[in-house]
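Structure record follows, encoded as structure tokens.
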Amino acid sequence: MGFKDFLKLYDEILRQGHRTEILRELRDEDDLFFLLLYSEMLGLPNPVSFYTLELYPYMLEKFHDWHKRMGMEKSPLSGFRCC
Amino acid sequence: MNAILVAVIGMFVFFMGYKYYSKFVAERIYRLDPDYQTPAHRYKDGVDFVPTNKWVLWGHHFTSVAGAAPIVGPAIAVYWGWLPAFLWVVLGTVFAAGVHDFGALVLSVRNKGQSVGTLANKIIGQRAKILFLFIILILVLMVNAVFAWVISNLFITFPSAVLSVFIQIPLALWIGHLVYKKRGGMLLPSLFALAAMYVSAIVASKVPALQIDLPRYFGGEENIVAFGLNGVAFSFFVWIVILMVYVYIASTLPVWKLLQPRDYINSHQLIVGLAILYLGLFFSNPSISAPATNASPDVPWFPLLFITIACGAISGFHGLVASGTSSKQLNKETDARFVGYLGAVGEGLLALAAIIAVVTFFSDEASFLGAYSSFGAAGEGGLGYFVQGAGQLATGIFIPADIATTIVAIIVVSFAATTLDTSVRLMRYIISELGQEYKIKPLTKMHVATSIAVVSSAALVLLPEGPQGFGSGGYVLWPLFGTSNQLLAGITLLLITLWLKRQGRNYLITLIPMIFLMFMTVWAMIQQVFFQWSGLGEGHEMNLLLFLLGSIILAFALWILLEAIAGLRRKGTEDN
């Protein structure tokens with residue numbers, strides 16, 4: 001193992017705990033973003049829904065993780081192709 | 001006796017323990033399966049459940065569990081001579097801590113990565129969960145009191161370390177901001193922070209004006225400052241207040257802001273500390289001046305030795321880390337041996353180094369016995385002797401003793417401060433959880449819970465008085481801290497034992513350490529509670545606080561034993 005590899009491993013070891021925490025904080029922000037994105041379907045008026053609509057195809061996979069994280073086994077939205 | 005020989009013997013036993021005993025446990029008892037789908041794969045979410053390289057996971061596990069406790073315990077326990085402490089650290093690590101940490105990891109991996117608390121509920125029942133919650137509560141309370149005392153004590157003994165410790169706070173905040181907001185790397189800024197701390201340590205150890213020496217400012221022991229307290233006692237009071245205000249703020253901030261960047265810097269410090277100790281040892285080749293056993297101790301070693309050294313021989317806290325985070329990131333089940341068992345060995349190595357630093361520090365046996373004249377004196381001075389001993393070892397690698405002493409003091413204070421932060425935060429969570437459980441709404445509020453945590457911890461560290469008066473009483477809490485840590489280990493070992501029994505496997509390897517621990521705890525508590533703190537024994541005065549705390553711990557230990565008997569009998573009939 002070269003010095004560079006060693007440094008990389010060392011950094012990865014020390015980063016491990018922080019990585020989780022930072023990802024969790026970021027995920028919380030993402031969750032809020034999702035809520036805003038789908039707010040129209042949940043009955044909240046969204047002035048930019050025309051634009052967010054375009055994002056749906058890119059968000060499908062993440063959407064599935066999101067609603068599971070939010071404690072809903074099945075997709076809460078009817079007429080929306082998820083599980 | 002040559003200290004290198006002792007270190008090498010210790011390392012050899014650790015090595016044999018890992019190579020043979022842990023292999024036997026992994027293959028025959030825990031029966032690790034390389035094809036088992038670990039929670040990291042099954043519930044992979046990229047955040048908590050992430051399959052991780054075993055070296056990375058081991059490093060993270062080790063840096064999470066290693067702290068000031070495996071240094072303080074051995075530094076006090078060498079009072080009974082170096083041999084009992086050495087044997088307990090080495091054999092405890094191999095036969096108790098190793099299987100405990102390793103077992104907690106395996107148990108959690110086999111149960112969806114759940115933590116010990118949840119598993120207590122699942123394996124034993126609701127009662128066990130409440131018992132578990134109360135044991136943790138008493139453990140974190142002890143940790144808060146003991147570590148606040150440790151830090152204040154070091155600040156008073158080594159004033160040159162104060163500045164660098166306080167410099168670390170803004171540096172950590174800066175790193176937190178850099179990493180979280182700017183998405184920068186951590187390695188370079190944290191190395192810079194470390195360098196800044198050590199440069200300030202070097203300067204402070206040479207320039208007395210930069211040494212924040214409160215006892216000197218308050219006129220020393222002769223001067224009565226306020227409330228009838230002399231300069232030293234008043235300094236202690238001031239440090240405790242400052243620390244408590246600090247932990248209040250630190251434990252209510254988001255973790256990435258201060259706690260985690262500080263952890264990161266401290267991980268470098270752990271490496272620096274171990275390097276100073278072991279390189280210093282091998283280059284300076286000192287001999288042990290302390291006696292192998294203390295011929296006339298004022299307090300018998302049995303059973304107090306086993307609760308004076310908790311971390312370093314066996315510690316329940318490791319089970320929390322193993323089942324809380326490490327189990328969710330284990331890539332292959334067979335990696336559990338490497339991460340869990342070797343994590344315990346790492347802690348054992350730190351405790352071994354602590355023993356060696358203290359027992360090589362004194363010029364001869366008489367001066368050792370003079371410094372360690374009583375168990376009380378060992379409690380008060382032990383950590384100071386470790387710091388100076390480590391400073392002396394560092395001269396072997398050409399670091400001047402005064403600078404090395406300051407740096408080692410900083411390392412120990414940093415470890416203790418991070419432990420204090422985490423522990424106050426944990427206490428806040430537990431108080432909130434109890435508030436939810438018993439529907440007491442105010443307790444669930446962050447500031448109410450934190451205030452209760454901070455005020456009760458401050459009261460606990462300030463109340464007991466040692467022989468030197470106010471401020472020197474913290475060390476009497478140390479055995480209580482050790483005991484509550486052992487109780488936690490006991491309950492984890494009980495869970496592993498019951499699990500093994502349900503699988504129809506040999507469970508003696510965890511049952512024996514568990515019974516041993518509980519026996520020592522019960523014995524020590526009976527001795528202390530009934531003969532010392534109750535005031536009934538000869539020459540002892542009643543100490544209500546310690547009497548109450550000791551009684552609670554004793555009751556918990558008996559409770560665990562009863563649960564164990566009930567669990568083993570119940571399952572015994574079901575299995576047949």
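Read-outs: derived from the displayed coordinates by stated rules, not from any lab. The structure presented is a predicted model; accordingly, all values stated were derived computationally and were not measured. Please note: Cβ atoms are built from the backbone with ideal geometry, for glycine as well, and neighbour counts cover all protein chains shown.
Please name which of A:Ile13, A:Leu60, A:Leu37 has its Cα lying farthest along the dipole of the range A:8-69 towards the positive end, using unit charges on Cβ (Lys, Arg +1; Asp, Glu -1) and the Cα centre as origin.
Positive-end residue among those listed: A:Ile13.
Sort out the exposed loop GluC sites (Glu not before Pro) in chain B (DSSP loop, at most 14 other Cβ within 10 Å) and tell me the longest stretch that has none.
The segment B:223-464 is the longest one with no such site.
Using the Cα gyration tensor of the range B:3-575, with a ≥ b ≥ c the square roots of its eigenvalues, what is the shape: rounded (a/c below 1.5), prolate (a/b larger than b/c) or oblate (neither)?
Judged from the Cα gyration tensor, the range B:3-575 comes out rounded (a/c under 1.5).
For the range A:11-83, which chymotrypsin sites (Phe, Trp or Tyr not before Pro) are in a loop by DSSP, counting at most 16 other Cβ atoms within 10 Å?
Filter output for the range A:11-83: A:Phe80.
Which whole-Hz ³J(HN,Hα) couplings does the range B:309-317 yield from phi under the Karplus relation 6.51 cos²θ - 1.76 cosθ + 1.60, θ = phi - 60°, glycine and proline marked x?
So the J values, rounded to whole Hz, are 9, 9, 4, x, 10, 7, 9, x, 4.
How big is the C-alpha Rg of the protein assembly as shown next to the rule-of-thumb value 2.2 N^0.38 Å, as a ratio?
That works out to 0.98 for the protein assembly as shown.
Helix B:544-575 versus the longest principal axis of chain B: what is the Cα-based angle in degrees, 0 to 90, to the nearest 10?
Roughly 20 degrees between the two axes.
Please give the charge dipole size of the range B:441-576, origin at the Cα centre, charges +1 on K and R Cβ atoms and -1 on D and E Cβ atoms. Round to the nearest 20 debye. Provide the component values of the computation, followed by the final result.
Details: 8 positive and 6 negative charges, 148 e Å.
For the range B:441-576, the charge dipole is close to 720 debye.
Using only Cα atoms, what is the ratio of the radius of gyration of the range A:8-69 to 2.2 N^0.38 Å?
Cα-based Rg divided by the globular estimate yields 1.50.
Quick one, can you get me the convex hull of the C-alpha atoms of the range B:257-381 expressed as volume per residue in Å³?
On the way: hull volume 19.9 nm³, N = 125.
Dividing the Cα hull volume of the range B:257-381 by its residues yields 160 Å³.
Relative to the longest principal axis of chain B, what angle (0 to 90°, nearest 10) does the C-alpha long axis of helix B:162-182 take?
In chain B, helix B:162-182 runs at an angle near 50 degrees to the longest axis.
Taking N as the number of residues in the range B:123-162, what value does Rg over Cα atoms divided by 2.2 N^0.38 Å take? Walk me through the numbers before you get to the answer.
Working: Rg = 16.6 Å, N = 40, 2.2 N^0.38 = 8.9 Å.
That works out to 1.86 for the range B:123-162.
Given R₀ = 22 Å, FRET efficiency for A:Cys83-A:Leu36 by Cβ-Cβ distance, to 0.05? Show your work: numbers first, answer last.
Details: r = 22 Å, r/R0 = 1.00.
After rounding, the FRET efficiency stands at 0.50.
Can you give me the Cα centroid spacing of the range B:368-438 and the range B:73-107 in angstrom?
So the separation of the two Cα centres works out to 18 Å.
Strictly over 32 Å apart at the Cα level, which of A:Lys62/B:Lys54; A:Lys74/B:Lys257; A:Lys62/B:Lys439; B:Lys23/B:Lys112; A:Lys4/B:Lys332 would you flag in this model?
Among A:Lys62/B:Lys54; A:Lys74/B:Lys257; A:Lys62/B:Lys439; B:Lys23/B:Lys112; A:Lys4/B:Lys332, the Cα-Cα distance tops 32 Å for A:Lys74/B:Lys257; A:Lys62/B:Lys439.
In degrees from 0 to 90, rounded to the nearest 10, what is the angle of the helix B:342-359 Cα long axis to the longest principal axis of chain B?
Approximately 30 degrees, to the nearest ten.
Mind putting a number on the dipole of the protein assembly as shown about its Cα centre? Charges go on the C-beta only, +1 for Lys and Arg and -1 for Asp and Glu, and I need it in Debye to the nearest 20.
That gives a dipole near 1900 debye.
How far apart, in nanometres, would the label points at B:Leu558 and A:Leu55 be if each is projected 7 angstrom from Cα along the Cα-to-Cβ direction?
For the pair B:Leu558/A:Leu55, the computed spacing is 6.1 nm.
If I model the range B:197-304 as equal point scatterers sitting on the Cα atoms and use the Debye formula, what is log10 I(q)/I(0) at q = 0.12, 0.14 Å⁻¹?
So the normalised log intensities work out to -0.91, -1.12.
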